[in-house]
Amino acid sequence: MSNIRLTLRYDGTKYFGFQRQKDKPTIQKKLEECLNRILEEDIEVIGSGRTDAGVHALAHTVNFHTKTDKTPKEIMAALNAHLPWDIAVTEAKYASERFHSRYNVLRKTYVYRINTRGYINVFERKYVYDFFTPLDSEKMRAAAKLMTGTHDFKGFSAVKKTDKSTVRTVFSIGITEKEGETDITYTGSGFLRNMVRIMTGTLIEIGSGQKEASVINEVFETKDRLKAGFTAPAQGLTMVGAEY
């Protein structure tokens, strides 16, 4: 039995996230369908994390166990011949028997792109959020510092009732500007449902003068989702990758 590790790149526009869902197109479902056909086995893929519907990935790590004699290179070539145009395998290799793409993650990185031009970014419209308003990056950087570290991020998530911990560590939040665009890069131990998008919505409201940075401490103290900002649209978010 071999443990195969793949790196995926995908345009999430047409998909309901990574995780398999009944009667809905997802990245995991498409990948497993192709693997089952290619390897003639019932393959279950493990992903490094879930992504929301409409979110993209530059490097999403997955792994699966198989009895096949095909090499990773052969599996990669076959997958890229059968997967739809918006999903690609960029790397395939053998992993140790104990490697688990989700449980072994040390940190994950996401980037959120915001169009601050006064018009739609026509050729990038599926990959950015068209906010159309300049943002105060210095205010956003000061606010982002309050978000870094180990906190209970329940108020910055779509999590409702859960027995699992909502404490996460955000190692860094970088805010960069280029002509007509502001990008926010998040690196953390892991992220709750909608967490990056809600943090982004909060930073946007602070950068546009709708909220003060002090709201971040209020959200941590009260765990009240209603005090945080809006949930930024999914299309602006891309998973950059995971580190092991």
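The values are calculated or read from the model by the stated rules, or taken from the named source; none is laboratory data. Keep in mind it's a predicted model, so treat the numbers as computed, not measured. Cβ placement follows ideal geometry from the backbone for every residue including glycine, while neighbour counts extend to all protein chains displayed. In case anyone asks, the SASA skips ligands and DNA or RNA and just uses the protein heavy atoms, side chains included. Shrake-Rupley method; radii C 1.70, N 1.55, O 1.52, S 1.80 Å.
For residue 133, put the label point 7 Å out on the Cα→Cβ axis and report which residues of the range 195-215 keep their amide N under 20 Å from it.
Residues passing the 20 Å test: 197-215.
Give the carbon-plus-sulfur fraction of the accessible surface of the range 1-51 in %, rounded to a whole number; probe 1.4 Å, heavy atoms of protein chains only.
41 percent
Calculated FRET efficiency, residue 65 and residue 230, Cβ-Cβ r, R0 35 Å, to nearest 0.05?
0.30
Which value, in debye to the nearest 20, describes the size of the charge dipole of the chain about its Cα centre when Lys and Arg Cβ atoms bear +1, Asp and Glu Cβ atoms bear -1, and nothing else is charged?
Once rounded to the nearest 20, the dipole reads 440 debye.
What is the sum of charges around residue 36, taking Lys and Arg as +1, Asp and Glu as -1, for the other residues whose C-beta is under 12 Å from the C-beta of residue 36?
My count for the surroundings of residue 36 gives -3.
Identify, among 104, 90, 78, the residue whose Cα sits farthest towards the positive end of the charge dipole of the range 78-117, taking +1 on the Cβ of Lys and Arg and -1 on the Cβ of Asp and Glu, with the dipole about the Cα centre.
Farthest towards the positive end: 104.
As I understand it, the dipole of the range 68-225 uses +1 on the Cβ of Lys and Arg and -1 on the Cβ of Asp and Glu, about the Cα centre. Which of 220, 116, 135 lies farthest toward its positive end?
Selected residue: 220.
Quick one: compute the contact order of the range 144-244, relative version, from alpha carbon pairs under 8 angstrom and 6+ residues apart, as a percent.
31 percent
Determine the sum of side-chain charges near residue 52: Lys and Arg each +1, Asp and Glu each -1, restricted to other residues whose C-beta is under 9 angstrom from that of residue 52.
That sum, taken over residues with Cβ under 9 Å, equals +3.
Can you tally the net charge around residue 229? Count Lys and Arg as +1, Asp and Glu as -1, for every other residue whose Cβ sits under 11 Å from the Cβ of residue 229.
Local net charge: +3.
Once you put a point 7 Å from the Cα of residue 210 and another 7 Å from the Cα of residue 36, both along the Cβ direction, what distance in nm separates them?
4.3 nm
Which value in deg cm²/dmol, rounded to the nearest 500, describes the helix-derived mean residue ellipticity at 222 nm for the chain, given -39,500 (n - 2.57) per DSSP H run of n ≥ 4 and division by the residue count?
Per the formula, -7000 deg cm²/dmol.
Roughly how big is the range 94-140's charge dipole about its Cα centre, with Cβ charges of +1 (Lys, Arg) and -1 (Asp, Glu), in debye to the nearest 20?
200 debye
Given 0.36 nm per residue, what is the gain on full extension from residue 217 to residue 58 after removing their alpha carbon distance, in nm?
Result for the pair: 54.0 nm of gain on full extension.
Which entries in 29/67; 160/211; 126/178; 108/164; 30/164 show an alpha-carbon gap greater than 22 Å?
In this structure, 160/211; 30/164 exceed 22 Å between Cα atoms.
Can you tell me how the range 60-149 classifies by the Cα gyration tensor, rounded, prolate or oblate, using a/c under 1.5 as the rounded cut?
Oblate shape, in that a/c is at least 1.5 and b/c is the bigger or equal ratio.
With a 10 Å cut-off between alpha carbons and a GNM built on the chain, which of 127, 112, 103 moves the most?
103
Work out from phi, with θ = phi - 60° and the Karplus expression 6.51 cos²θ - 1.76 cosθ + 1.60, the ³J(HN,Hα) of each residue of the range 184-196, listed in order in whole Hz, and give x for Gly and Pro.
Residue by residue, the range 184-196 yields 10, 10, 10, 10, x, 5, x, 9, 6, 4, 6, 4, 5 Hz.
Mind checking the per residue accessible area of the chain for me, 1.4 Å probe, whole number of Å²?
50 Å²
Subtract the Cα-Cα distance of residue 98 and residue 122 from 0.36 nm times their separation in residues, and report this length gain in nm to one decimal.
Between residue 98 and residue 122, full extension yields 4.2 nm more.
What is the calculated FRET efficiency for residue 13 to residue 161, with r their C-beta to C-beta distance and R₀ = 22 Å, to the nearest 0.05?
Efficiency, rounded to the nearest 0.05: 0.10.
So how do 130-137, 25-32, 164-171 stack up, highest first, on mean other-Cβ count within 10 Å?
Sorting 130-137, 25-32, 164-171 by mean packing, highest first, produces 25-32, 130-137, 164-171.
With an 8 Å Cα cut-off and a minimum separation of 6 or more residues, compute the relative contact order for the chain in percent.
Averaging sequence separation for qualifying contacts and normalising by length gives 24 percent for the chain.
Nothing charged except the Cβ atoms of Lys and Arg (+1) and of Asp and Glu (-1): what's the magnitude of the dipole of the range 102-244 about its Cα centre? Round to the nearest 20 debye.
Approximately 640 debye in magnitude.
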